[in-house]
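Asker: Provided herewith is a single structure, encoded as structure tokens, for subsequent inquiry.
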Amino acid sequence: MARGYLPPAMSPLLVLIVAVLATTYAGPVIRLAAAPALAIAFWRLALVLPVTGAAAAREIRLSPGPRPGDSPGGRSGAVPGDPLGAALPLMALSGLALAIHFWTWIASLKYTSVASSVVLVSLKPVFAWWIAALWLREHPTRRERWGILLAVGGAILIGVADAGASVGALSGDVLALVGALAAACYYVIGRRVRAHVGVWSYATVVYAIAAAALAGLAVGSGVAFTGYARSDWAVFVALAAGPMLVGHTGLNYALKHFRATTVNVAALGEPVGATLLAWLIPAIHEVPAPLALAGDILTLVGIGLALTSGGEQADVPSGLAG
């Protein structure tokens, strides 16, 4: 069994549910910020690193050393003696994918509505389905496939109901779709690496690489890191504390126990919550159409089917090589 994980007493399903709930307010809150997308994405990651870094140090300190027989090239894809070091190339790819995801998604919110952006990004279960099948040889169960189709169908209804909400919606939609593909890659890689690497170690390395990539883009684009209003800093902190620390880290924890497609389908609860919050927050007050509310219900039914389909699975892909 891989070492260095959170206590097994933590229910993976409960962690997954709490993580999804924590991500729901990201879209509406970002709409309240005047800062550029790159600055928002960078600080969302950078502010969480001291917490994840401290947790990772403790995780490594408490993790047992390599057992006899744990060596690269061992039988049947045995865990290498240094799983963290062996996983660094994949974690670097995961961090770059996360950076692209945040950059394109947050930028899309400047051109289209919260509902359209979050929904299109949430098409990532479809991309994850294909990538996981090709790379990890993981396939959703029949019940889960129906759940994916229903949840994505509900997401499409929300998007259709929101069509034409803004003149610049097309460019925002393209950015959101790129964000969906990048997010799918991030989660599928996480599924592979989390079989051997603890959640805090994984999160710290991936978040740090993503933050560094976004910092490079910000410097190249002339985007400032400081000089923002207090309201913007409040958004940065809110995104780091909830959607990042609790949300993304919780989803990464769940990847040890659930298939990548299952985690991605559960994450479709984000657009449902984001749509409702965008309706309730006075500063945004985007009233969803009846069709969008129907889509919310269909999405929730699909998520329920997927989570009760046996998506939790102890066997994870072996080995850290592609």
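Asker: Along the Cα→Cβ direction, 7 angstrom out, place labels at Leu88 and Ala289. What is the inter-label distance in nm?
Answerer: 5.2
Asker: Please check which bits of the stretch 7-51 a label hung off Ala224 would reach, taking the label as a point 7 Å along Cα-to-C-beta and the cut-off as backbone N under 16 Å.
Answerer: Taking a point 7 Å out along Cα→Cβ of Ala224, the residues of the stretch 7-51 whose backbone N falls under 16 Å are 34-40, 43.
Asker: Starting from the 7 Å offset along Cα-to-Cβ, what nm value, one decimal, do you get for the label separation of Leu300 and Trp233?
Answerer: Calculated label separation equals 3.8 nm.
Asker: Check Phe258: other-chain or 5+ apart residues with amide H under 5 Å from its amide H, H built from backbone geometry?
Answerer: Gln313
Asker: Using the basic label-point model (7 angstrom from Cα toward the beta carbon), what is the Leu149 to Met10 distance in nanometres?
Answerer: Here the answer is 3.5 nm between the modelled labels.
Asker: Counting only residues 5 or more places away or on other chains, whose amide H sits under 5 Å from the amide H of Ala33 once H atoms are built in the peptide plane?
Answerer: Counting only residues 5 or more places away or on other chains, the set is empty.
Asker: Related question: Got a sec? How would Lys256, Lys110, Lys124 order by Cβ neighbour count within 10 Å, fewest to most? Display every interim value, and only then the final one.
Answerer: On the way: Lys256 23, Lys110 16, Lys124 30.
Ranking Lys256, Lys110, Lys124 by Cβ neighbours within 10 Å, fewest first, gives Lys110, Lys256, Lys124.
Asker: May I ask you to sort Trp105, Trp130, Trp135 by Cβ crowding, counting other Cβ atoms within 10 Å and putting the fewest first?
Answerer: Sorted ascending by nearby Cβ count, the order is Trp130, Trp135, Trp105.
Asker: Mind listing the phi-derived Karplus ³J(HN,Hα) values for the stretch 235-240, rounded to whole Hz, using 6.51, -1.76 and 1.60 with θ = phi - 60°, and x for any glycine or proline?
Answerer: Going residue by residue, I get 5, 4, 5, 4, 5, 5 Hz, with x marking Gly and Pro.
Any read-out appearing in this document is the output of simple, stated calculations on the displayed coordinates, not a laboratory observation. Here the structure is a predicted model, which is why all the values come from computation and not from measurement. Ideal geometry is used to build each Cβ from the backbone, glycine not excepted, and the neighbour counts take in all protein chains shown.
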